[in-house]
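Enquirer: I'd like to ask you about the structure that follows.
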Amino acid sequence: MEGRTIKQIRFGVVGCSPIGFVHADAIDQISDAALSGVMDADYSRAELLSNNYTGANVYKDLQELLQSPDIDAVSLCLPHHLHYDFCKAAIEAGKHVLIEKPLALNVAQGEALVEAARKADVRLGVVFQNRVVPAVQQLKELLQANALGDIHLVDIRVKWYRDREYYKAAWRADPDKAGGGVLVTQAIHFLDLALYLIDAVKEVFCAVSTIRPWLQVEDLALGQLRFNNGIMGNMVCSTAINPEEPAILEIHGSPGSARIQENRGLVTFHLGNQQPYADAPNAHQDASVPSLVSSEGHSIVFKDFVASILEKRNPVIDGREALKTLYLIESLYRSSKKGQWIEVGGVQKR
């Protein structure tokens, strides 16, 4: 993008998988931002991304990128187990950080990152792109206007298919590196939407299973949610459903129902039997929709993140917001291990 401004925020993209290209494209669309550097463990992937953007230098490792005076902020597109160390290093280097979900592998790591960013006075943002697309924003406005009356039930269904090829990225099949399976990698987007649209969750019950014997992480999760306002929720999430179905978040109220539906990256909002209200392309970190070369949700998140740096405020989806979802995910896993209802604590109650 030509005509860069003096107050530009110069980004370094760390991790040049397909989602790294989405981040680079989002940065390039913002007049107050510039892509100044890229870095990947596979140097050739970093070079490939760099070739698409003038002024995007290739760095050989994270430390070289973080030591550069030409980098103000970093976007992290990495396997889950690298989130904490890379994010912590960036914060300690005085860089603002925007990271793909989840914030970290666990709540303890997430809380440490939030506190580190506060002490360093840098912005920490997390990408939950579904929150900001027009379809979800329209539904949020209707809920705030009480258009669905008394809410009776929230229903989450993520019935997707991820084959052996998908899990060849070894970290995705390793519970210590991924932090889990379908819950933390796919369902997290819709659980986060439920928190955003409805309320914090008070307690959960969950059971998980690994259907396919060659996997080490769960590919099926069934659960129930009790929100702070008393509303009940139900969830069925899997990466073993073939053919897969569109992911759905349904909210059932007294006069009618609303549905957020995602079908291979396209998000739509339905109210009752009416035609969809909006749709937007939305890319995912697991790169399961490689045909999507841009993501409206990511663009909106990046614009807000850049504005938060320039305006010296927290981004709309900051580390503390992401912690709420991490608390929920961790509680679901705890429930599955104990076989009982588990109270969701931490920032959910604050």
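Enquirer: Conditions first: (1) crowded, with 23+ Cβ neighbours inside 10 Å; (2) farther than 21 Å from ALA117 by Cβ; (3) in contact with a Pro (Cβ under 8 Å, 6 or more places away or on another chain). PRO18 passes all but one, so which condition is the exception?
Expert: Single failed check for PRO18: (1).
Enquirer: What's the total number of residues in segment 46-65 that are closer than 20 Å to VAL122 by Cα and either small (Gly, Ala, Ser) or surrounded by fewer than 22 Cβ atoms within 10 Å (Cβ to Cβ) (or both)?
Expert: Residues that pass the stated criteria total 3.
Enquirer: Looking only at segment 306-350, count how many residues are at pLDDT below 95 and either farther than 18 Å from ASN106 by Cβ or buried (at least 23 other Cβ atoms within 10 Å of the Cβ) (or both).
Expert: Final tally of qualifying residues: 2.
Every residue, every condition in (1) touching a helix residue (DSSP H, G or I) at 6+ places or on another chain (Cβ under 6 Å); (2) of a type in the set (Gly, Ala, Ser); (3) modelled with pLDDT under 95, yes or no:
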{"residue": "ALA41", "(1), (2), (3)": "no, yes, no"}
{"residue": "SER44", "(1), (2), (3)": "no, yes, no"}
{"residue": "SER50", "(1), (2), (3)": "no, yes, no"}
{"residue": "ALA73", "(1), (2), (3)": "no, yes, no"}
{"residue": "LEU76", "(1), (2), (3)": "yes, no, no"}
{"residue": "ASP85", "(1), (2), (3)": "no, no, no"}
{"residue": "LEU103", "(1), (2), (3)": "yes, no, no"}
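Enquirer: Still on this structure, please answer the following. In segment 237-274, what residues are of a type in the set (S, T, N, Q), in a strand (DSSP E or B) and modelled with pLDDT of 85 or more?
Expert: Answer for segment 237-274, where residues must be of a type in the set (S, T, N, Q), in a strand (DSSP E or B) and modelled with pLDDT of 85 or more: SER238, SER257, GLN261.
Enquirer: Residues of segment 214-243 being without any contact (Cβ under 8 Å) to a residue 24 or more places away in the chain and either surrounded by 20 or more Cβ atoms within 10 Å (Cβ to Cβ) or farther than 16 Å from VAL182 by Cβ (or both), which ones?
Expert: Selection gives GLN224, GLY230.
Enquirer: If the Cβ limit is 9 Å and pairs must be 6+ apart or interchain, which residue in segment 89-105 that is closer than 27 Å to LEU183 by Cβ pairs with which residue that is in a loop (DSSP other than H, G, I, E, B) and among the polar types (S, T, N, Q)?
Expert: Here the result reads GLU100/GLN285; LYS101/GLN285, each pair linking segment 89-105 to a residue that is in a loop (DSSP other than H, G, I, E, B) and among the polar types (S, T, N, Q).
Enquirer: OK, next. Residues VAL204, VAL217, VAL184, VAL236: which one is over 28 Å from HIS298 (Cα atoms) and of a type in the set (Val, Ile, Thr)?
Expert: Just a single option satisfies the conditions, and that option is VAL204.
Enquirer: Hey, can you tell me all the residues within segment 109-137 that are basic (Lys, Arg) and buried (at least 21 other Cβ atoms within 10 Å of the Cβ)?
Expert: Answer for segment 109-137, where residues must be basic (Lys, Arg) and buried (at least 21 other Cβ atoms within 10 Å of the Cβ): ARG123, ARG131.
For every residue, the table says whether it meets (1) in contact with a Lys or Arg (Cβ under 9 Å, 6 or more places away or on another chain); (2) of a type in the set (Val, Ile, Thr); (3) touching a residue at least 24 places away in the same chain (Cβ under 8 Å).
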position	(1), (2), (3)
ALA145	no, no, no
VAL154	no, yes, yes
GLU165	no, no, no
LYS177	no, no, yes
THR185	yes, yes, yes
LEU191	no, no, yes
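Enquirer: Looking only at segment 45-67, which residues are of a type outside the set (Ser, Thr, Tyr) and without any contact (Cβ under 8 Å) to a residue 24 or more places away in the chain?
Expert: GLU47, ASN51, GLY55, ASN57, VAL58, LYS60, ASP61
Enquirer: Continuing with the same structure: What's the number of the condition LEU148 fails, among (1) assigned by TED's automatic domain parsing to the domain that holds MET39; (2) surrounded by 18 or more Cβ atoms within 10 Å (Cβ to Cβ); (3) at pLDDT below 95?
Expert: Single failed check for LEU148: (1).
The values are calculated or read from the model by the stated rules, or taken from the named source; none is laboratory data. Since this is a predicted model, take the numbers as computed values, not measurements. Counting neighbours? That spans all protein chains shown, and the Cβs are built from the backbone with ideal geometry, glycine included.
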